[in-house]
Amino acid sequence: MANTPLPEVTDRKTFEARLNELRVREKAHTREGDAIAAARRRLPAVEVDANLELTGPDGPLTLLDAFEGRKQLLAYYFMWHPGKPATDQCQGCTWCTTHVGELSYLQSRDITFAVFCQGPFEESIRYHDFMGWTMPWYSALPSLDELLVGRTTGMMHLVSYVREGDRVYETWWTTQRGVEVMDNSYSLMDLTVYGRQEDHEDSPAGWPQDWECGGLTANGRPISQWSRVEAGRDDDLSGRT
């Protein structure tokens with residue numbers, strides 16, 4: 001990026017004045033986000049069968065079990081390509097899930113976070129282990145159509161649940177770009193002068209835009225896989241010994 005153009009260079013006073021103009025919009029954006037969150041907390045809920053079956057490390061379990069005794073559950077529905085190697089698994093789901101590391105802050109608010117993979121457990125848990133993820137991981141295949149009723153299975157989804165005793169309710173869900181709330185890399189990129197460097201962005205002429213929209217691979221793999229490969233982890237998902 002040695003020859004990449006720079007933005008207009010000015011004095012500190014002019015810079016701060018322009019930044020203050022933008023800050024008005026940034027604060028309005030923050031307040032609108034707060035208002036949307038407030039409206040989200042006032043949405044109605046729909047009851048879901050608490051006994052819908054998942055598959056975990058100890059075999060079958062229920063949706064209610066996945067709460068791990070907590071009041072709330074956030075479930076990320078991970079796209080899966082059965083029989084495909086690690087290199088061909090969903091780059092977007094890998095991106096989102098890799099950003100979810102420390103769970104104690106969620107748990108302190110009585111929230112469990114778990115991944116509901118849309119593929120078989122024995123195959124997909126090997127991907128979980130190769131990536132070094134520590135969040136609870138289940139297969140949603142036994143009940144996928146019921147869990148995602150009215151939605152497109154095979155797509156990424158983020159779903160919020162709450163329980164009252166042994167009854168479970170769905171309170172909100174999103175898909176596609178809505179799941180960007182799970183990552184911080186895009187948010188941090190958006191603070192830099194060149195942004196995400198993706199070809200769909202509204203950027204000045206000459207700004208680097210070498211990445212396709214949603215381009216999250218490098219050299220044939222989801223980007224975050226490379227550090228795992230270099231660490232010597234086994235990415236064979238077939239179960240062969």
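The values are calculated or read from the model by the stated rules, or taken from the named source; none is laboratory data. Every value quoted in this text rests on a predicted model; they were computed, and no experiment measured them. Note: ideal-geometry Cβ built from the backbone for every residue, glycine included; neighbour counts use all protein chains shown. Quick note on the areas: whole protein, heavy atoms, side chains included, nothing else; ligands and nucleic acids left out. Shrake-Rupley method; radii C 1.70, N 1.55, O 1.52, S 1.80 Å.
A few points about this structure:
- Residue within segment 135-148 that is at pLDDT 95 or above and among the charged types (D, E, K, R) present: yes
- For segment 133-168, a residue qualifies if it is touching a residue at least 24 places away in the same chain (Cβ under 8 Å) and among the hydroxyl-bearing types (Ser, Thr, Tyr), and the qualifying residues are Thr134, Tyr138, Ser139, Ser143, Thr153, Ser160, Tyr161.
- Enumeration of residues in segment 171-221 that are aliphatic (A, V, I, L, M), open to solvent by 70 Å² or more (accessible area, probe 1.4 Å), within 17 Å of the chain's Cα centre (by Cα) and farther than 30 Å from Val48 by Cα: Leu188
- Restricting segment 87-102 to residues that are open to solvent by 20 Å² or more (accessible area, probe 1.4 Å) and within 17 Å of the chain's Cα centre (by Cα), the residue that is nearest to Ala231 (Cα to Cα) is Thr98.
- Of all residues making up segment 187-201, the number that are free of Cβ contacts under 8 Å to residues at least 60 places away in the same chain and under 20 Å from Val9 (Cα atoms): 4
- The criterion of at least 2 residues that are hydrophobic (A, V, I, L, M, F, W, C) is met, among strands (runs of 3 or more DSSP E) falling completely within segment 33-108, by 46-48, 72-78.
- Among the residues of segment 65-86, the ones that are closer than 20 Å to Phe130 by Cβ, buried (at least 17 other Cβ atoms within 10 Å of the Cβ) and of a type in the set (Gly, Ala, Ser) come to 1 in all.
- Just one of (1) open to solvent by 70 Å² or more (accessible area, probe 1.4 Å); (2) within 20 Å of Ile125 (Cβ to Cβ) fails for Asn3. It is (2).
- In segment 120-130, the condition of being open to solvent by less than 40 Å² (accessible area, probe 1.4 Å), part of a helix (DSSP H, G or I) and without any contact (Cβ under 8 Å) to a residue 40 or more places away in the chain is met by at least one residue.
- Selected residue (criterion: nearest to Trp137 (Cα to Cα)) from residues of segment 37-53 that are open to solvent by less than 80 Å² (accessible area, probe 1.4 Å) and out of contact with any helix residue (DSSP H, G or I) (no Cβ under 6 Å at 6 or more places or on another chain): Ala50
- Of residues in segment 1-32 being of a type in the set (S, T, N, Q) and part of a helix (DSSP H, G or I), the one farthest from Val149 (Cα to Cα): Thr14
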